[in-house]
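Only one structure is covered here, and it is reproduced in the block below.
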Amino acid sequence: MRTPQAAALTALALLAAACGGAEGGGGPAGGGTFTYALPSDPGVLDPAGAVLNVTITTLSLAYDTLIGVTKDGKVVPALAEKWAVEPDKVTFTLRKDATCSDGSPVKASDVAASVNHIADPATKSPIYGVLMPTGMKAEADDAAGTVALSMPKPFSFILENARSIFVVCGKGVKDRSLLARSTSGSGPYKLTEAVPGDHYTFKVRREYVWGQNGANAKDVPETVVLKVVPNEQTAANLLVAGSVNGVTLYGPDRTRLEATPGVRKIVESVANGQFFYHQGDDRPAKDPAVRKALTQAVNLKELSGIASSGTGKPATGLVLHPRPCQGDSISGHVPAHDPAAAAAALDAAGWRAGSDGVRVKDGKRLTLRYLYATTRGAGTQAAAEYLATAWRKAGAEVKLNGQIDTKLSESINVTQDWDVVWLPIGLQLPSQLIGFMSGPAAPKGANFAHLANDKYESLVAKAGQVPAAEGCDQWLAAETALIENADLVPVVEQTVLQAAKGATYEQIAGLFVPTSIRLTQGG
């Protein structure tokens, strides 16, 4: 039986968006309707279960967080006007003017209830232990307007982590069942209509003046419609026709939009295209020499262009932009392409070529079951075929297994019937990676690849005990330790096209900045 954290893994592979938005063009026009194309239905809307990027994007219109973050990664006030940070605790003082969508004031106890509900084992929240650290609890003082988030021991990102927690207020605090298809937040929009599989309609709250850095809802559109459009080509066509104002594209249709007059566009980085080796006791990649040899057998520069359809960038880190720790933890640390060295290393590890060319050791063939999602576009499929060709040349028997997301999650975490998996993971903080890169192995824990990297574990343990900025060198070194050990192989920093017509907007780490949405003249 898999843990909620393990169940969240495939969803986090879709937490792709980093900083985005489309801007430029004519001046703002008030009122009206802004329509944005969602790639899939957001599902249940309770923030305690929100791990899919599409769900987080939807909820960001209606819910606030205690703090915000700018495009360059600076932490700024949101629901909290100030804070005091201690090694194991951060105390927030709330704004006094914030109200919930039902008109009730936002209280410190609402914040505490939001945090403690996620931490409650009975909730089985998939974001607990990932987007919110294990052991976090909250205590409120409504009279003082303060709420303290604490950990059992020092935690380096105790402040920054608050940007991942949506605050539920009003009626939704007492009756969470209301949140499945409605919202109960303090954000600038309130959900007024939900038609699963088709659209979600939000109406503005003009009284909203407590946004990030004091932003307000004075000039935003009256209505926001999130329209479910699973096909990217259809979404692009709707944008060109003016039927929607904003889309996010991963695939080949972005080229067409980039050349279309009147479309505002920004290319933004998202999660890395990367693959992991399964290091279970009975797997070939348990041996680090085999992992490094298989990596050397691949021309990663060519693979990067194939996986991203030529739109990617060199990977430099393992978490989404804006990163709390600046620096390059990857370049120069991935084993270089060298087929001859790969062959020699496999020979030395005891894997000798058989009569059919497939390497064998102790009577066991070098078989690699390669797992990937069929929902990530043509680039991911092409990357699978390229890897299979490279590894077959190196003497491996490769079996490709493309699956839809729900089946992929079961294979990764439960049946474990894979040897290599292509799996982007979109997280905002390096501390959020720890449960996936160490600790109990799947299916008992979230460590799906059965990693056991002593250097990584030592570095994150030390980094986690000091304030975030002081620990950055160790956080970056911990990522490098994973790369040098070929525990995972980052191939490319993938990008998306944020495109808009007749409007401008911003997203940061998959969340709308709702107060940035504008309809434009001459769009």
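Odds and ends about this structure:
- Only one of Val360, Val466 that is farther than 16 Å from Gln274 by Cβ, touching a Ser or Thr at 6+ places or on another chain (Cβ under 7 Å) and outside any helix (DSSP H, G or I): Val466
- For the stretch 375-403, the tally of residues that are open to solvent by 70 Å² or more (accessible area, probe 1.4 Å) and within 23 Å of Arg254 (Cβ to Cβ) stands at 3.
- So Arg206, is it touching a residue at least 12 places away in the same chain (Cβ under 8 Å), open to solvent by 20 Å² or more (accessible area, probe 1.4 Å) and outside any helix (DSSP H, G or I): yes
- Subset of the stretch 491-503 that is in contact with a Leu (Cβ under 9 Å, 6 or more places away or on another chain) and open to solvent by 10 Å² or more (accessible area, probe 1.4 Å) - its residue that is farthest from Gly317 (Cα to Cα): Gly502
- Selection count, the stretch 340-358, where residues are over 13 Å from Lys292 (Cα atoms) and touching a strand residue (DSSP E or B) at 6+ places or on another chain (Cβ under 7 Å): 6
- Gly426 vs. criteria open to solvent by less than 30 Å² (accessible area, probe 1.4 Å) and under 22 Å from the mean Cα position of the chain (by Cα): yes
- From Asp419, Asp405, residue being under 30 Å from Pro126 (Cβ atoms) and modelled with pLDDT of 90 or more: Asp419
- When we screen Ala84, Ala113, Ala144, Ala138 for residues that are open to solvent by 50 Å² or more (accessible area, probe 1.4 Å), at pLDDT 95 or above and in contact with a helix residue (DSSP H, G or I) (Cβ under 8 Å, 6 or more places away or on another chain), the only hit is Ala144.
- Where Val90 falls short, out of the listed (1) within 27 Å of the chain's Cα centre (by Cα); (2) open to solvent by 40 Å² or more (accessible area, probe 1.4 Å): (2)
- The stretch 259-314 - residue that is touching a Lys or Arg at 6+ places or on another chain (Cβ under 8 Å), under 28 Å from Gln498 (Cβ atoms) and among the hydroxyl-bearing types (Ser, Thr, Tyr) and, of those, least open to solvent (accessible area, probe 1.4 Å): Ser269
- In the stretch 105-152, residue nearest to Gly464 (Cα to Cα) [restricted to those that are of a type in the set (Ser, Thr, Tyr) and part of a helix (DSSP H, G or I)]: Ser114
- Search result, residues across the stretch 429-444 that are within 14 Å of Pro126 (Cα to Cα) and open to solvent by 20 Å² or more (accessible area, probe 1.4 Å): Gly435
- Residue selection: Glu506 satisfies the criterion of being charged (D, E, K, R), in contact with a strand residue (DSSP E or B) (Cβ under 7 Å, 6 or more places away or on another chain) and either open to solvent by 40 Å² or more (accessible area, probe 1.4 Å) or closer than 22 Å to Tyr250 by Cα (or both).
- Taken over the stretch 476-489, the criterion of being touching a Pro at 6+ places or on another chain (Cβ under 9 Å) and open to solvent by 10 Å² or more (accessible area, probe 1.4 Å) is satisfied by Leu476, Glu479, Glu484, Asn485.
- Of all residues in the stretch 325-339, those satisfying the criterion of being assigned to a loop (DSSP other than H, G, I, E, B), open to solvent by 30 Å² or more (accessible area, probe 1.4 Å) and either out of contact with any strand residue (DSSP E or B) (no Cβ under 9 Å at 6 or more places or on another chain) or closer than 12 Å to Gln494 by Cβ (or both) are Gln326, Gly327, Asp328, Ser331, Gly332, His333, Ala336, His337, Asp338.
- When the helices (runs of 4 or more DSSP H) confined to the stretch 217-318 are screened for residues that are modelled with pLDDT under 90, touching a Leu at 6+ places or on another chain (Cβ under 7 Å) and at positive phi, none reaches at least 3 such residues.
The values are calculated or read from the model by the stated rules, or taken from the named source; none is laboratory data. Quick caveat, the model's predicted, so the values are computed rather than measured. Backbone-built Cβ (ideal geometry, glycine too); neighbour counts: all protein chains shown. Side chains are part of the model used for accessible areas, which takes the heavy atoms of the whole protein and leaves out ligands, DNA and RNA. Shrake-Rupley method; radii C 1.70, N 1.55, O 1.52, S 1.80 Å.
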